[in-house]
Amino acid sequence: MVLIVGGSYQGKIEFAKEYFPGSFVFDKLHLFIKQCLEEDKSEAQILEEIRKRIQTGDWVIISDELGNGIVPMDEGDVRWREVTGRILIELAREADRVYRVILGMGQRIK
Amino acid sequence: MITLVYGGSSSGKSEFAENLVCKSGCANKYYLATMKPTPDTAERIKRHKNLREGKGFFTLEYERDIVKAVYEVEKNKQERTGIKAPSQSDRILLLECMSNLVANEMFREGKIMPKEYCEKKIISDIMTLKDEVSSLVIVSNNVFEDGVSYAAGTKEYLRCLGGLNRTLAEMADKVYEVVVGIGIKL
């Protein structure tokens, strides 16, 4: 599995399509996590669900990085960015490669 | 020696920094916690404590005025137990983290202390602390990329933390940015 992270509008999907054309793409993982949290799923359950979805075939997972700001006022937003951060750390551990995309450029960090 | 570990919230920077300290081979590992214990932060503090468990850290808690944290603790221990304090060359300290420290120095007793005062005081405290240990690992936060325009007090805080981060990066021998748990050497 390949994990691609970065801020919004950095060209992550374009990067994925260019470098991993044959792969399945799990785009906007951070929004998937938000949806799951709204359905009251736990961090472990969400992670399990992600793993299940990418079981067969070559997958590229794409997610925004949410943690680089002031702690949000809304409790739900705080939880969302923390859970997303921790799930990304876990996925990065399992990934064969990790890229961070800035300005359309992919920097391989694993 | 100073190592600066920088990253966003839940980026894995604490665990990365702890591993740096554990790999240092230094026998006396100190963890200087700056987070104010409140009902809101209890869960985070507990999570961090669990993360550190079994890694052999001696925890010091100073929400501000971090100067001489190690000195005072060692002096107290020596007075209490008679055991001689370890030498400066065999001590490593992990300071976690700058965002709390700056907030605790700046917003106190309902007042906002000026940015210049906070910057000067914190740097001077860190310089003193540095002389008491062989190695200092400092964790700081990237809180600068949400594009939100905040009220004056928060802006002053952001300017202060941003300025301190740059000063520390300049002072540091090594700087890492942690992204999804992976340390990138800058």
### Message
Please report the antiparallel percentage of the DSSP beta bridges confined to the protein assembly as shown, to the nearest 5.
### Response
20 percent
#### Entry: Enclosed volume per residue, in Å³, of the convex hull spanned by Cα atoms of region B:2-185
132 Å³
### Query
Residues of region B:1-36 losing 10 Å² or more of accessible area relative to the isolated chain, 1.4 Å probe, heavy atoms only?
B:G8, B:S9, B:S10, B:G12, B:E15
## Note on the structure
Once the in-chain neighbours fewer than 8 apart are removed, the aspartates and glutamates whose Cα is under 19 Å from B:K77 read B:E61, B:D90, B:E132
#### Entry: Percent accessible area from carbon and sulfur atoms, the protein assembly as shown, protein chains only, probe 1.4 Å
50 percent
### Query
Counting only protein heavy atoms and rolling a 1.4 Å probe, how much accessible area do B and A lose on contact, total for both sides, in Å² to 100?
1600 Å²
## Note on the structure
Taking Rh as the Kirkwood radius computed over alpha-carbon pairs of the protein assembly as shown and applying Stokes-Einstein at 4 °C with viscosity 1.567 mPa s, one gets a diffusion coefficient in µm² s⁻¹ of 63 µm²/s
### Task
Report the FRET efficiency, 1/(1 + (r/R0)^6), for A:S23 and B:R47, where r is their Cβ-Cβ distance and R0 is 30 Å, rounded to 0.05.
0.30
### Message
With angles folded into 0 to 90 degrees, how steeply does helix A:29-38 sit against the dominant principal axis of chain A? Use alpha carbons for both and round to 10.
### Response
20 degrees
### Message
Explain nothing, just the number: relative contact order of chain A, from Cα pairs under 8 Å at least 6 residues apart, as a whole percent.
### Response
47 percent
### Among B:E43, B:E156, B:E61, residue whose mean-square fluctuation peaks in a GNM of chain B (springs only between Cα atoms under 10 Å)
B:E43
### Summary
Percent relative contact order for region B:61-141, counting Cα pairs under 8 Å at least six residues apart, stands at 48 percent
## Note on the structure
Looks like region A:2-108, by Cα gyration tensor root eigenvalues a ≥ b ≥ c and the a/c under 1.5 rounded cutoff (else prolate when a/b is bigger than b/c, oblate otherwise), is oblate
### Task
Can you bin region B:47-128 into rounded, prolate or oblate? Criterion: square roots of the alpha carbon gyration tensor eigenvalues sorted a ≥ b ≥ c, rounded for a/c under 1.5, prolate for a/b above b/c, oblate for the rest.
prolate
### Query
Taking amide H positions as placed 1.01 Å from N in the peptide plane, with prolines and chain starts having none, which residues 5 or more places from B:F58, or on another chain, fall under 5 Å of its amide H?
B:K29, B:Y30, B:Y31
### Query
Taking the Cα centre of chain A as the origin, how large is its charge dipole in debye, to the nearest 20, when only Lys and Arg (+1) and Asp and Glu (-1) carry charge on their Cβ atoms?
440 debye
### Query
Based on DSSP, what percent of beta bridges with both residues in chain A are antiparallel, to the nearest 5?
25 percent
### Task
Could you work out how far helix A:75-94 tilts from the main Cα principal axis of chain A, as a 0 to 90 degree angle to the nearest 10?
40 degrees
### Query
Where is the GNM fluctuation largest for chain A (alpha-carbon springs, 10 angstrom cutoff): A:G57, A:G67, A:G11?
A:G57
### Query
When chain B is treated as a GNM, springs tying every alpha-carbon pair under 10 Å, which of B:Y157, B:Y117, B:Y31 comes out with the largest mean-square fluctuation?
B:Y117
### Task
Give the angle, between 0 and 90 degrees and rounded to the nearest 10, that separates the Cα long axis of helix A:43-53 from the longest principal axis of the Cα atoms of chain A.
30 degrees
## Note on the structure
Links exceeding 18 Å between C-alpha atoms in this model, out of B:K23/B:K68; B:K13/B:K49; A:K52/B:K13; A:K34/B:K49; B:K13/B:K174, come to B:K23/B:K68; A:K52/B:K13; A:K34/B:K49
### Query
In whole percent, what relative contact order does region B:2-185 give with Cα contacts below 8 Å and a gap of six or more residues?
39 percent
### Query
For the protein assembly as shown, what is the accessible area per residue in Å² when the probe is 1.4 Å?
51 Å²
### For region B:118-186: Kirkwood Rh in Å [reciprocal of mean 1/r, alpha carbons]
13.8 Å
### Message
Suppose we compare each residue of region B:138-186 in its chain alone and in the full protein complex with a 1.4 Å probe; which ones drop by at least 50 Å² of accessible area?
### Response
B:V179, B:V180, B:I182, B:I184
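The values are calculated or read from the model by the stated rules, or taken from the named source; none is laboratory data. These figures come from a predicted structure and were not determined experimentally. Positions of Cβ are generated from backbone atoms using ideal geometry, with glycine treated the same way; all protein chains shown enter the neighbour counts. These area figures cover heavy atoms from the full protein model, side chains too; ligands, DNA and RNA do not enter into them. Shrake-Rupley method; radii C 1.70, N 1.55, O 1.52, S 1.80 Å.
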